[in-house]
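Here is the structure we will look at, set down as structure tokens.
The values are calculated or read from the model by the stated rules, or taken from the named source; none is laboratory data. Note that this is a predicted model, so its numbers are computed, not measured. Counting neighbours? That spans all protein chains shown, and the Cβs are built from the backbone with ideal geometry, glycine included.
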There are 2 protein chains.
Amino acid sequence: MRAPDELRALIEDYLLTLELSSDLGDLRDSMRYSLAGGGKRIRPVLCLAAAEAIGCEPERALPAAAALELAHSFSLVHDDLPALDDDAERRGRPSTHIQWGEAVAILAGDALLGEAVRLALSYPSPAVARELIASTQGMIGGQYLDVTHSGDLAELHRLKTGRLFAAAIGLALEAAELPALEQTPWRAFAEELGLLFQLVDDLLDRDGYVLVHGVEETRRLADEAAARAKGKLAGIDADTSVLEEIVASLVSRTS
Amino acid sequence: MRAPDELRALIEDYLLTLELSSDLGDLRDSMRYSLAGGGKRIRPVLCLAAAEAIGCEPERALPAAAALELAHSFSLVHDDLPALDDDAERRGRPSTHIQWGEAVAILAGDALLGEAVRLALSYPSPAVARELIASTQGMIGGQYLDVTHSGDLAELHRLKTGRLFAAAIGLALEAAELPALEQTPWRAFAEELGLLFQLVDDLLDRDGYVLVHGVEETRRLADEAAARAKGKLAGIDADTSVLEEIVASLVSRTS
């Protein structure tokens, strides 16, 4: 089983050498800029680790893992736009619309989603792309709740953050062609991941759940989500040691 | 063979009752607004007519035809945004960002593309979705040339308009599961359609090709493209009478 850092190196290298559709011309420069922001690549690393635990070579899951990272990148580029969160910085660099202009940022986001779908469609079965697009639509629904200040916080985060996190596991299942009946325990594990990530995020940023429930209660909710995630993993008949390590690092992360 | 008006009624009805992903919540209202703009539905009608000429029930091609119309609608919603063309009106109604606000319009466009992909993925083979996304990426590449005023006019239109037009035929071929070897003459016909549409568009709007080549030369180019399209159709061993009728109406259209 490969360690998270090995899997991270694998996806970084894949993203760095990824060929984007030539029809996009120089728009690809802004897409590569958005993709190279030095994120933690948590979603694709989770996807590769899940694939290996299922018994599939991580290399085979690379297009699916990269598709997820591109969809995540698309969501950040559009989320940072002036009409939405109006963020001028992303991970210490000018956000895409500051660096390339608003028109190019809108098109770069569109094209990142398109390339994500193209990567997911490189598999023989349409199941990988179906998983990707269902989670992407959920994420967009979450963004909508966010910008319109409608819906409750739990539903907003379940959609906006949780769906792409759960898709990290769902995409691995489909890329590995695991039969539907054997997917159930994996999908139960996936459901807990997004919530855990969001709770820890809010603890670090002192917003979201912390504003509603306070620090102590949010910490308790995070610990419970982590315990449930570990419980689900323990019930899966596979070597899930690397996934356990990733869950532990999600709980204790400081950035 | 069903007449273009019958096929138009078929797609209108399908779009009117189309179920969008429930995760999108109330964002669906703005998507339906964008979709219900009363366009001519030329692309989906072409798709359905091509499918029937190939020997496939138009009903079977409906998800593919609708996917194309949603992708077209996505492109219009984003194209109308203040950062791009800044159009306050679309077909005599307030454009999506005027009616629903800029943030919602960005998300509605994203979600229209997502739903287009979802519809294309309703087929057993991933080929329909591959065709859709390849043409969408071409269209986005054309939008990029447009907003950055780079590339030449022919390349810009080949991508921005031509690719989704050609996809009307390509999607029909894949939805009908026509073997790759038999697709060649159809794809040659598809190539001529987008150029023809654009040339007539520019004659009506007195821009694009007309500004570069003048009215007379643009009319000549349009007539030549129409003649080539008819020639390609004549070489196909199928009842292409409805497609011939659509080509003739593209040449003589006044709006």
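See the values below:
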{"read-out": "Given (1) surrounded by 24 or more Cβ atoms within 10 Å (Cβ to Cβ); (2) at the interface with another protein chain (Cβ under 7 Å from one of its Cβ atoms), number of the condition residue B:118 does not satisfy", "value": "(1)"}
{"read-out": "Qualifying residue in the range B:156-163 (condition: more than 26 Å from residue B:5 (Cα to Cα), touching a helix residue (DSSP H, G or I) at 6+ places or on another chain (Cβ under 6 Å), facing chain A (nearest Cβ under 10 Å) and part of a helix (DSSP H, G or I))", "value": "yes"}
{"read-out": "Test result for residue B:172, under 23 Å from residue A:24 (Cα atoms), away from chain A (no Cβ under 14 Å), crowded, with 20+ Cβ neighbours inside 10 Å and modelled with pLDDT of 95 or more", "value": "no"}
{"read-out": "Spans of helices (runs of 4 or more DSSP H) in the range B:184-255 with at least 3 residues touching a residue at least 12 places away in the same chain (Cβ under 8 Å)", "value": "B:215-234, B:241-252"}
{"read-out": "Residue that is nearest to residue A:192 (Cα to Cα), among those in the range A:121-133 that are in a helix (DSSP H, G or I) and either facing chain B (nearest Cβ under 7 Å) or touching an Asp or Glu at 6+ places or on another chain (Cβ under 8 Å) (or both)", "value": "A:131"}
{"read-out": "Flag for residue A:138 being assigned to a helix (DSSP H, G or I), over 18 Å from residue B:109 (Cα atoms), modelled with pLDDT of 95 or more and of a type outside the set (A, V, I, L, M)", "value": "no"}
{"read-out": "Residue under evaluation residue A:165, criteria (1) surrounded by fewer than 20 Cβ atoms within 10 Å (Cβ to Cβ); (2) in contact (Cβ under 8 Å) with a residue 60 or more places away in the chain, criterion not met", "value": "(1)"}
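Residue by residue, here is whether (1) more than 9 Å from chain B (Cβ to nearest Cβ); (2) in contact with a Phe, Trp or Tyr (Cβ under 7 Å, 6 or more places away or on another chain); (3) surrounded by fewer than 21 Cβ atoms within 10 Å (Cβ to Cβ) holds:
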position	(1), (2), (3)
A:39	yes, no, yes
A:49	yes, no, no
A:53	yes, no, no
A:68	yes, no, no
A:74	no, no, no
A:82	no, no, yes
A:89	yes, no, yes
A:101	no, no, yes
A:138	no, no, no
